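Beneath this line is the structure, given in structure tokens, with notes to follow.
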Amino acid sequence: MTQLLQYRFGGHHPLPEQSVLRGHAFGNLLLAALAGLTGSFEEGLLAAQRVLAIRGRVIPATLTPVVLMAEVMRDGQRHLVVGESAIPEANGRVERVWLEPEQARAYPEAIRAILQADLVVIGPGSLYTSILPNLFVRDLAGALASTRALKLYVGNVATQKGETDGFTLADHVRVLTDYVGEGGWMWCWAMNQTRLLSKPIPVWILCWLLYLPVSASSWPI
């Protein structure tokens, strides 16, 4: 089921450039169809939870239609890239990402859930196209900084082509803190024997980041 929902049209089976399905994930199309059937994205999301027998709740970051934008450096020039799926395909170094419109308001239930949580887990996921976009939504980053919940960032087990080529774990944390500030993260969970770590370590670890400045040069592992 996970593979089905994450299947992206035009990936392993190329589609014509003009195809309206190109670049879209099946899960997103399912949500769009359910939203059309139920009359709203909120109701469509609830319907998806019933159809897929999801345990727990899925809460959107915002109900505002947004587009992920990026500046990508390639061949010494900056290129504007539009859309989540187009960013890793740009074959360059991501310089900056943002949402359009930039002032999209957070879904109140999302803010409430963060503030009332005992534990907030962020990741694993695509750094620029999955994790950061949620934190660009107005008030969500503020709620994350304000919540008294333990905050845990789970590092990816591999780098992602077109997004984080050559990144260490320190680079991931540096990008996060560049966008949301150093005070927003308390713990980081990493795994050894991956390219994410600056050097291999023998066991699973919890790296204490409790409001300490974090940079590639000061990373403790």
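Stretching Leu119 away from Leu80 to a fully extended chain increases their span by 10.4 nm, per 0.36 nm per residue minus the current alpha-carbon distance. Summarising the amide proton neighbourhood of Lys151: residues at separation of 5 or more, or on other chains, whose placed amide H is nearer than 5 Å comprise Val120, Met186, Trp187.
Residue by residue, the stretch 106-115 carries 3J(HN,Hα) couplings of 6, 6, x, 5, 5, 4, 4, 5, 5, 5 Hz when phi is fed to the Karplus relation 6.51 cos²θ - 1.76 cosθ + 1.60 (θ = phi - 60°); x denotes Gly or Pro. Sorted ascending by nearby beta carbons within 10 Å, beginning with the fewest, His79, His172, His24 become His79, His24, His172. Phi angles across the stretch 43-49 convert, under the Karplus curve 6.51 cos²θ - 1.76 cosθ + 1.60 with θ = phi - 60°, into 3J(HN,Hα) values of 5, x, 5, 5, 5, 4, 4 Hz, Gly and Pro given as x. Applied to the stretch 72-88, the Karplus parametrisation 6.51 cos²θ - 1.76 cosθ + 1.60 on θ = phi - 60° returns per-residue 3J(HN,Hα) values of 10, 8, 9, 6, x, 10, 8, 10, 8, 10, 10, x, 4, 5, 7, 5, x Hz, with x for Gly and Pro.
Close amide-amide hydrogen proximity is noted between His79 and Val72, Met73, Arg74, each under 5 Å apart and 5 or more residues distant or on a separate chain (H modeled in the peptide plane; Pro and chain starts excluded). What net charge do the residues around Ala35 carry, taking every other residue with its C-beta under 10 Å from that of Ala35, with Lys and Arg at +1 and Asp and Glu at -1? Neighbourhood net charge equals -2. Computing FRET efficiency as 1/(1 + (r/R0)^6) for Met73 and Leu52, where r is the C-beta to C-beta distance and R0 is 30 Å, gives about 0.15.
The stretch 59-76 and the stretch 32-56 have Cα centres lying 24 Å from one another. Amide H to amide H, with H built 1.01 Å from N, His24 comes under 5 Å of Phe9, counting only residues 5 or more places away or on other chains. Each of Lys161, Lys151 was scored by other Cβ atoms within 10 Å of its Cβ. Listed from fewest to most, they are Lys161, Lys151.
Restricting the GluC sites (Glu not before Pro) of the stretch 59-108 to loop positions (DSSP other than H, G, I, E, B) with no more than 15 neighbouring Cβ atoms within 10 Å leaves Glu102.
A short reminder: the numbers here are calculations on the coordinates, not readings from a lab. If you're wondering where the values come from, they're calculated on a predicted model, not measured in any experiment. Backbone-built Cβ (ideal geometry, glycine too); neighbour counts: all protein chains shown.
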